[in-house]
């Protein structure tokens, strides 16, 4: 069996005990049962020379078209997590979450090329329309996968604009109010499948900040860092959209902490994990870099209309 693998890491994952992720795309292995799936995983484990007991942990729906199966390999004093991504009973990725460097398998690693997963198409997700693989619920579900802010002092909060730009600068909350506010009424779509309709966000357009920063021509990505060590990455073209904002208000009121106060991204055409909360740095890059969920196999762009939930290449 020939296995293609990528090796990646992320600070937020490190905070949760995952130092590295080994990401293995699979060429649509069709399975009919958990036994079939377990057999495939054992082939990967054998190739990577892991010795330990394999345990099935859980599974969850990611939208109505994808399923995430979780296993783990139990070693003497540690375990390696395994995440199997399937679409319509076809395995498309297997990921190993590694707790320390000594457990990185001795295999050849390739460099992930995000450009292979980016296809240029103009579109807009319309409010009220159910996108593929989604379903509407009445209220927003609140996540804080890294524990939220836990009483952090926000009195000196700033968004830092850094990276491959002509102008690096910082913005506090008062500065954001001076940049010209836009209110958008939009749907919000979580990659797990739920959506809510007609939620309002208010804030300056990301485009205004990008224009002030003057990125170099080579810049293709904005890497977003947050106060809780969460991160994600956005193609700069998506950030230039007419309704991509740094939100400081929600439904006519200042953001509450649980919704991202002091400021969060809102990019309606992308799945919700891209609309990061508690943003404190925008880093302009010419080279792709995995954020938190991207390191776990999620798509580098994440367009809702095209169900870009997971990486393809």
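Couple of notes before you dig in:
- Just one of the listed residues (295, 276) is in a helix (DSSP H, G or I) and either assigned by TED's automatic domain parsing to the domain that holds residue 186 or within 12 Å of the chain's Cα centre (by Cα) (or both), and it is 295.
- Qualifying positions in segment 177-202 - in contact (Cβ under 8 Å) with a residue 60 or more places away in the chain and on the phi > 0 side of the Ramachandran plot: 193, 198
- The set of residues in segment 203-219 being at negative phi and surrounded by fewer than 18 Cβ atoms within 10 Å (Cβ to Cβ) consists of 207, 208, 211, 212, 216, 217, 218.
- Of the listed requirements (1) under 16 Å from residue 271 (Cα atoms); (2) at pLDDT 90 or above, residue 124 misses just one: (2).
- Residue count for segment 279-291, restricted to those that are under 13 Å from the mean Cα position of the chain (by Cα) and buried (at least 24 other Cβ atoms within 10 Å of the Cβ): 2
- Within segment 174-188, being closer than 17 Å to residue 154 by Cα, surrounded by fewer than 16 Cβ atoms within 10 Å (Cβ to Cβ) and within 25 Å of the chain's Cα centre (by Cα) holds for no residue.
- Scan of segment 1-25 for residues that are more than 27 Å from residue 223 (Cα to Cα) and in contact (Cβ under 8 Å) with a residue 24 or more places away in the chain, ordered by number: 1, 3
- Wholly enclosed strands (runs of 3 or more DSSP E) of segment 159-242 bearing at least 2 residues assigned by TED's automatic domain parsing to the domain that holds residue 143 and within 16 Å of residue 269 (Cα to Cα): 181-189, 194-204, 231-235
- Of the residues in segment 35-44, none is modelled with pLDDT under 95 and not in a helix (DSSP H, G or I).
- Residue that is on the phi > 0 side of the Ramachandran plot, out of contact with any strand residue (DSSP E or B) (no Cβ under 9 Å at 6 or more places or on another chain) and assigned to a loop (DSSP other than H, G, I, E, B), where the choices are 151, 133: 151
- Odd one out for residue 79 among (1) within 21 Å of residue 146 (Cβ to Cβ); (2) surrounded by fewer than 16 Cβ atoms within 10 Å (Cβ to Cβ): (2)
- Count of segment 235-266 residues which are touching a residue at least 60 places away in the same chain (Cβ under 8 Å) and touching a helix residue (DSSP H, G or I) at 6+ places or on another chain (Cβ under 7 Å): 5
- The set of residues from segment 243-261 being in a helix (DSSP H, G or I) and either in contact with a strand residue (DSSP E or B) (Cβ under 7 Å, 6 or more places away or on another chain) or not assigned by TED's automatic domain parsing to the domain that holds residue 221 (or both) comprises just one member, 259.
The values are calculated or read from the model by the stated rules, or taken from the named source; none is laboratory data. Please read all numbers here as calculations on a predicted model, not as lab measurements. Note: ideal-geometry Cβ built from the backbone for every residue, glycine included; neighbour counts use all protein chains shown.
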